[in-house]
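These notes are about the structure you will find just below.
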């Protein structure tokens with residue numbers, strides 16, 4: 001029997017080591033895409049939730065406005081609230097909602113519900129403000145804001161964030 005040794009290991013030992021190393025390489029190659037997809041999914045969900053938190057902060061800010069806030073601006077409170085509501089942004093949600101819908105219908109429904117409320121509130125405020133500062137419908141901004149506020153409070157996950 002001719003047993004050649006290299007670094008103290010026989011041919012059989014080196015064959016076993018190379019088989020194990022090849023198996024580990026294949027397993028790693030199979031799991032890296034899975035790990036990357038999972039990391040991407042978690043990042044997208046995190047950024048969307050950060051965007052939602054920012055929008056809820058804007059709604060809180062607009063709903064708590066009083067005469068002392070933005071007092072240097074000579075405008076009625078509904079106008080000030082309308083301008084604050086125009087800061088609502090849902091760009092990241094709109095760019096990634098297809099991906100969210102493919103991955104999780106539960107998350108898609110959750111995000112659609114809250115983003116629908118904030119987008120509708122922002123769009124309504126923009127539309128009313130575009131009619132001019134002497135528009136008698138300016139008070140509807142406050143009504144729309146209160147409606148959005150109460151709708152958000154009903155959503156279990158986001159309700160505690162308003163108020």
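Brief remarks follow.
- Amide N of the stretch 85-129 lying under 11 Å from the label point, which is placed 7 angstrom from the Cα of residue 37 along Cα→Cβ: 103
- Matching label, log10 I(q)/I(0) by the Debye sum over Cα atoms at q = 0.09, 0.11, 0.19, 0.21 Å⁻¹ computed from the structure shown, candidates [x] -0.47, -0.58, -1.13, -1.27; [y] -0.28, -0.43, -1.49, -1.88; [z] -0.41, -0.56, -1.21, -1.40: [x]
- Cβ crowding within 10 Å averaged over residues, with 144-157, 14-27 ranked highest first: 144-157, 14-27
FYI, it's all coordinate maths here, none of it is from the lab. These numbers were taken from a predicted model, which means no experiment stands behind them. Note that each Cβ is placed from the backbone with ideal geometry, even for glycine, and that neighbours are counted across all protein chains shown.
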